[in-house]
Structure formats: C-alpha cells, structure tokens
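The values are calculated or read from the model by the stated rules, or taken from the named source; none is laboratory data. Not measured: the values here are computed from a predicted model. With ideal geometry, Cβ positions are generated from the backbone for all residues, glycine too; neighbour counts draw on all protein chains shown.
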Amino acid sequence: MAKIQASTALARFRVLDLSRVRAGPNCVRMLTDFGADVIRIEPPRGIDPNEAMFAANREGGDFQNINRNKRSMTLNLKRPGALAILMRLVKEADVVVENWRPDVKRKLGVDYESLAAVNPRIILASISGFGQDGPQASRPGFDQIVQGMGGLMSVTGIPGSGPVRAGLAVADMSAGLYAALGILTALLEREVSGKGQWVHTSLLHAQIAMMDFQMARYLNDQDIPIQQGNDHPTSSPMGLFEASDGVFNLGASGEGNWVRLCSIMNKPEWLQDPEFTNETLRVKNRERLNAELAELFTHRSVAEWVTGLTDAGVPAGPVYTVPQVFEDEQVQHLGVTASLMTGFGKEMQYITQPVTLARTPSRVVAPAPGWGEHTDEVLAEAGYSDEEIRQFHADTVV
C-alpha cells in the first residue's frame, strides 16, 4: 500500500504520533495535512481504560477530523519487546509527539535522552497540562481546567454572570498549534546544527499566551481585565447590537472607523461631542453611546446594517449559528471543508487547514485510520519479517 501523502511540503519527514485526545493530535494534524508521513501509535483495544474518550468512536466526525491523513499501528508499550520496536521506528523518524504526563514517558523509556541515544536528530515534542517540571507538573489537566487557571473564564461572559468557559477547546487547540510551530522551528534549526532537540509546551502556558493583550494590560498597566459581555474591553463602539430582526456585531474602533460610522449614522455632531472625542472617552462613556446607537439600529434589518456599514468601510457582521456559517458565500469560497468517502461506507466532511501555501498546499486525502490498520505495513517497512510480525501479534505486543 502506498504511503499517504497529502502534500509535498513536509513529505520528507516522518512523525510518530503517540498523543491522544486533542492537543497532540491537533498538532500532528497540521504536519500530516502538509505531507508528513504520520504514524499514529496507540495501544491495542482494551489496554487503556480511557480509550473510549479518544480512540473508540473512529467513525465520529471529531475523531475523523483530527486524525485524517494518518496511518495507525498498535503497540503495547507495557509488553516486553514493544520498546525495542518503537526505538527501531525512532531511528528512522524525524519527530515524536506525545502528551502524556511528564513522569509517564520516563517510566516507559520514551524521554528525550533515551530517544536521542538512538537517533541524535530526533525531535521530541511534548505537550502537557502544566509543564514538564515544577511543583504542579504531574497534575492532570483538561482544557476547561486550564481555561479557568489561565484566566480565560474570568473575562468570558456577561458581567455578573460568574466565570464562563469558552465554547471551544482554546487551551487544547492553541497548545497543539504552538507545539507544531515549535516542531517546524526545530526542524529548521536542525538543518544548521544537525541535531534534534526537545520541544515542549503546556496547556497552561498556551492559554496564558492566548490571553495576550488582556495579560499585558494587567502586567504593565495594572488594569485588571473583567467580564465585558459582548463589549470590547478597550475599544468603543465595538460589540453586539440589535437590529429590527436580529443582532449583529459592530467593530468601529479607531478614529477612522469612528468618523465613517458618524457619517453613515448621519450623526456629525458626535464628532464634536466632548464625551466621544477619542477612544478612551468613548469607552468611558460607552453606556450612553451604546444606548444612542441601539435606538438607531432598531430601524433597519441586520442585512441592511451589515451591508451599509461594510460598504462604508466600517467592520460589521451577522452572528451566525453553526449551520449558517457554512451557508455563507465567503466561507464556501474559502474551501473550509473537504469530503471523503470512508472505509466504513460513509461520506465525511472535514475542516481544512486555515493556512494556504500557494505552491504546496495542504490536502485532506485519507480518512482517519482504523484501529491498527497499518500495523503490519509499518512493521514490514521497519524490516521485520512476516514471522516476526505474526509473533508480535501472538504475544499481544501489537
């Protein structure tokens, strides 16, 4: 069977994916979509008590999306002989990705020092909840736990509502993306030094980094971010407004947008109003400004306001439900989805990579693999004989 190759961009690299759940598989998905030969290595059925959470529903849209374009082999690292198989694969690999708790890889012998002894060019990418060392490194962590500890929940939601989680896995997804960036940076550096290195990130650090300007406000100005609902904490008018038939978002931050907004609203007097003469004052007097805008916005529909504001150069947009997102003409033009027929006879829809390389683009060319679908194939590539492979199965090593 020919190897899966989604692109030529990263086709010269082989990645061993030991990760599970979301952060690690998301990291590896970027690499495989751009052509890296990714081998997903997972325990055989029934080994991991948490397998239902991250491996069992292989026909579901979530698993399919995050594990497309990969090959899969099973390997029970708790069985004698399994580590030797992994190390043989490591010898010919470029990258290993894992998101175990820090102590687990050391117990299994899959720490960076052990891998580098076999292949000095190897790059080990580790994603953890709280870091690879320190007083809380060993604690388990999920996305929502870290959303709370990283400050996101304290600034999300309507004022007075109490902490609110974001509606997507912000910490997981960002940690995966930061890890992918670290891997690519390490691969570029290896071209100069000839040596691999250990790349690691954590959900906690990634979440804090994603807070960006909110954290910078506190660290440098002692301005403590709080819940602002649908209003922007430092810009006005920017937020959610109600038209005659629904709601829409307005983003008239900055003086240029403010001037254009005053024009389309037929309110030239706002330009001379002492409470609105700059962004800081408009934020301070947001309640009055929003109230005056709200009264005007009720006289036209969402479509009329969004079209008029956009034509005038003022950022504005409707608030879509998920189905409406995929009905938008620009979304359709961007090609954000791809479809494939799976081995279990169902056509699945996949979200494509949001970054485009003009000459060597990413592609979705293969559905997520069946459990251990490519085990024998990968072992044969590693030089094991048919008899050895049969024995591995008999010994439940794979």
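When residues of the range 140-159 are filtered for being in a helix (DSSP H, G or I) and either on the phi > 0 side of the Ramachandran plot or over 19 Å from the mean Cα position of the chain (by Cα) (or both), how many remain?
Within the range 140-159, residues that are in a helix (DSSP H, G or I) and either on the phi > 0 side of the Ramachandran plot or over 19 Å from the mean Cα position of the chain (by Cα) (or both) number 2.
Determine if the range 346-355 includes at least one residue that is without any contact (Cβ under 8 Å) to a residue 40 or more places away in the chain, assigned to a loop (DSSP other than H, G, I, E, B) and of a type outside the set (Val, Ile, Thr).
yes
Which of the residues that make up the range 301-314 are surrounded by fewer than 16 Cβ atoms within 10 Å (Cβ to Cβ) and out of contact with any Asp or Glu (no Cβ under 9 Å at 6 or more places or on another chain)?
The answer is GLU304, THR307, GLY308, THR310, ASP311, ALA312, GLY313.
Only one of VAL365, VAL306 is touching a residue at least 40 places away in the same chain (Cβ under 8 Å) and within 23 Å of the chain's Cα centre (by Cα); which? Write out each step before concluding.
Details: VAL306 fails: within 23 Å of the chain's Cα centre (by Cα).
None of the others qualify; the one that does is VAL365.
Within the group ALA84, ALA52, ALA137, ALA93, which residue is farther than 23 Å from VAL28 by Cβ and more than 21 Å from the chain's Cα centre (by Cα)? Talk me through it step by step, then tell me what you get.
Working: ALA52 fails: farther than 23 Å from VAL28 by Cβ; ALA137 fails: farther than 23 Å from VAL28 by Cβ; ALA93 fails: farther than 23 Å from VAL28 by Cβ.
Exactly one of ALA84, ALA52, ALA137, ALA93 is farther than 23 Å from VAL28 by Cβ and more than 21 Å from the chain's Cα centre (by Cα), namely ALA84.
How many residues does the range 61-99 hold that are out of contact with any strand residue (DSSP E or B) (no Cβ under 8 Å at 6 or more places or on another chain) and among the hydrophobic types (A, V, I, L, M, F, W, C)?
Summing the residues that are out of contact with any strand residue (DSSP E or B) (no Cβ under 8 Å at 6 or more places or on another chain) and among the hydrophobic types (A, V, I, L, M, F, W, C) in the range 61-99 gives 8.
How many residues are crowded, with 24+ Cβ neighbours inside 10 Å and free of Cβ contacts under 8 Å to residues at least 12 places away in the same chain if we restrict to the range 40-58?
0
Tell me which of these LEU18 doesn't satisfy, since it passes every other one: (1) of a type in the set (A, V, I, L, M); (2) more than 20 Å from GLY129 (Cβ to Cβ); (3) in the same structural domain as MET173 (by TED's automatic domain parsing).
Condition (2) is where LEU18 drops out.
Being touching a helix residue (DSSP H, G or I) at 6+ places or on another chain (Cβ under 9 Å), assigned to a helix (DSSP H, G or I) and of a type in the set (Val, Ile, Thr) is the filter here; which residues of the range 89-129 pass it?
Hits for the range 89-129 are VAL90, VAL118.
Kindly indicate which of GLY343, GLY317, GLY372 is surrounded by 15 or more Cβ atoms within 10 Å (Cβ to Cβ) and either within 28 Å of the chain's Cα centre (by Cα) or assigned by TED's automatic domain parsing to the domain that holds ARG58 (or both).
Working: GLY343 fails: surrounded by 15 or more Cβ atoms within 10 Å (Cβ to Cβ); GLY317 fails: surrounded by 15 or more Cβ atoms within 10 Å (Cβ to Cβ).
Selected residue: GLY372, the only one of GLY343, GLY317, GLY372 that is surrounded by 15 or more Cβ atoms within 10 Å (Cβ to Cβ) and either within 28 Å of the chain's Cα centre (by Cα) or assigned by TED's automatic domain parsing to the domain that holds ARG58 (or both).
Return only the number of the condition from (1) over 30 Å from ASP33 (Cα atoms); (2) modelled with pLDDT under 95; (3) surrounded by fewer than 12 Cβ atoms within 10 Å (Cβ to Cβ) that SER253 does not satisfy.
All conditions pass for SER253, except number (3).
Considering only the range 267-291, how many residues are loosely packed, with under 15 Cβ neighbours inside 10 Å and out of contact with any Leu (no Cβ under 9 Å at 6 or more places or on another chain)?
Number of matching residues: 10.
When the residues of the range 16-39 are filtered to those that are touching a residue at least 60 places away in the same chain (Cβ under 8 Å) and more than 18 Å from the chain's Cα centre (by Cα), which remaining residue is surrounded by the fewest Cβ atoms within 10 Å (Cβ to Cβ)?
Of everything passing the filter in the range 16-39, GLY35 is surrounded by the fewest Cβ atoms within 10 Å (Cβ to Cβ).
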